[in-house]
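Structure first, then comments.
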Amino acid sequence: MKNIDLIVVGAGPSGLACAIEAGRKGLECLVIDKGSVADAIRRFPVNMTFFSTSELLEIGDVPFLSAGFRPNRVECVRYYQMVARKYGLKVEQGAEVVSLHRTAEGFKVVTSRSTHFSQSVVVATGYFDDPNEFPVPGSHLAKVHRYYLEPYEYSGLHVAVVGGRNSAVETALDLFRNGANVTLIHRGQSLSSGVKYWILPDIENRVKAGEIRALFGTQVGEIRDRSLVLTGTHAGEIPNDVVFVMIGYMPSMELLCSAGVSTDPETLGPVYNPKTMETNVPGIYVAGSIAAGKFNNKIFIENGRAHGNLIVDAIAQAR
């Protein structure tokens, strides 16, 4: 089969930025994603507004125009899909990469639909597919959710939101505004210092007014059909219909590890050269938030989009 220059695994902003730079340098590139272009963003909460302004999310020198100062989820999905079309990027959608390994000619990439060969591979799969562990009895119950989309079916119900960062706070506020009885449960003594500055006064005022019940220094000890058993400062049992566990996600390292990429013991992410984004396996690169491992709050679209330049420059210089 034909051996192309570069395969990018992941059609998010960082992966698309790599493909755009590859095209500019005359490299033949294929992008592979198990979902659609910008699929992780598509699965974000329906009413989500981004922290960044539009210009900080731009890729490929294509202006990003949004109705407000900060773009929302729909605007971002439309923008990145438009950019992929504008550049005519070759994207194999709905194809999960099941194996990646070196051959005598380069790399063999096998997906759920086809097999490809390339000289170099960029893994830009993000971190949204694997929620952090929540080893609590009852966490297998159907009422426990690790992702949040919209609030409407929970109006009038007793809903617990576990966590103290942005995703938990935004989920709690959205549920409250749409009629749910919300309890925010966080093991810390206060909300995370990283909560968006324009949201923090809102959640603090809702808690102060008693509209959202906040239980700090508290953990979920057990999840039951109609209640939660809590430990810590507010130990006891409270009524509960639905639980959203919003404590973050971890990037999957399975594909990279299977190809021989080493992991950093501190970050649990891949070992790579920050100047080129190349891993310890020559020819395999990482881009975007997967490079940060468990510290995925260190790499966002704003800085992850720059990885494409580093990677493609390194590939071009090595040719």
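Values quoted throughout were computed directly from the atomic coordinates according to the rules given, and no laboratory measurement underlies them. No experiment lies behind these values; they were computed from the predicted model shown. We place every Cβ from the backbone using ideal geometry, glycine too, and count neighbours over all the protein chains shown.
What to note about this one:
- Among the candidates T115, T103, T53, the residue that is under 30 Å from L175 (Cα atoms), surrounded by fewer than 18 Cβ atoms within 10 Å (Cβ to Cβ) and either out of contact with any helix residue (DSSP H, G or I) (no Cβ under 7 Å at 6 or more places or on another chain) or not charged (D, E, K, R) (or both) is uniquely T53.
- Residues of the stretch 73-90 that are of a type outside the set (K, R) and either part of a helix (DSSP H, G or I) or within 20 Å of F44 (Cβ to Cβ) (or both): V74, E75, C76, V77, Y79, Y80, Q81, M82, V83, A84.
- Flag for I238 being in a loop (DSSP other than H, G, I, E, B) and in contact with a strand residue (DSSP E or B) (Cβ under 7 Å, 6 or more places away or on another chain): no
- Of the residues making up the stretch 295-315, those that are in a loop (DSSP other than H, G, I, E, B) and of a type in the set (D, E, K, R) are K298, R305.
- Residue in the stretch 216-224 that is of a type in the set (A, V, I, L, M) and assigned to a loop (DSSP other than H, G, I, E, B) present: no
- Residue check for E222: in contact (Cβ under 8 Å) with a residue 24 or more places away in the chain, charged (D, E, K, R) and under 30 Å from D61 (Cα atoms): no
- In the stretch 184-215, the qualifying residues are those that are outside any loop (DSSP other than H, G, I, E, B) and within 25 Å of the chain's Cα centre (by Cα), and the one that is surrounded by the most Cβ atoms within 10 Å (Cβ to Cβ) is L184.
- Of all residues in the stretch 40-99, those being basic (K, R), in contact (Cβ under 8 Å) with a residue 12 or more places away in the chain and within 24 Å of E21 (Cβ to Cβ) number 3.
- Residues of the stretch 99-131 satisfying the condition of being within 20 Å of the chain's Cα centre (by Cα), more than 17 Å from Y285 (Cβ to Cβ) and in a strand (DSSP E or B): P131
- Subset of the stretch 145-196 [touching a residue at least 40 places away in the same chain (Cβ under 8 Å), out of contact with any Ser or Thr (no Cβ under 9 Å at 6 or more places or on another chain) and farther than 21 Å from R70 by Cβ]: H145, R146, Y147, Y154, L157, V162, T183
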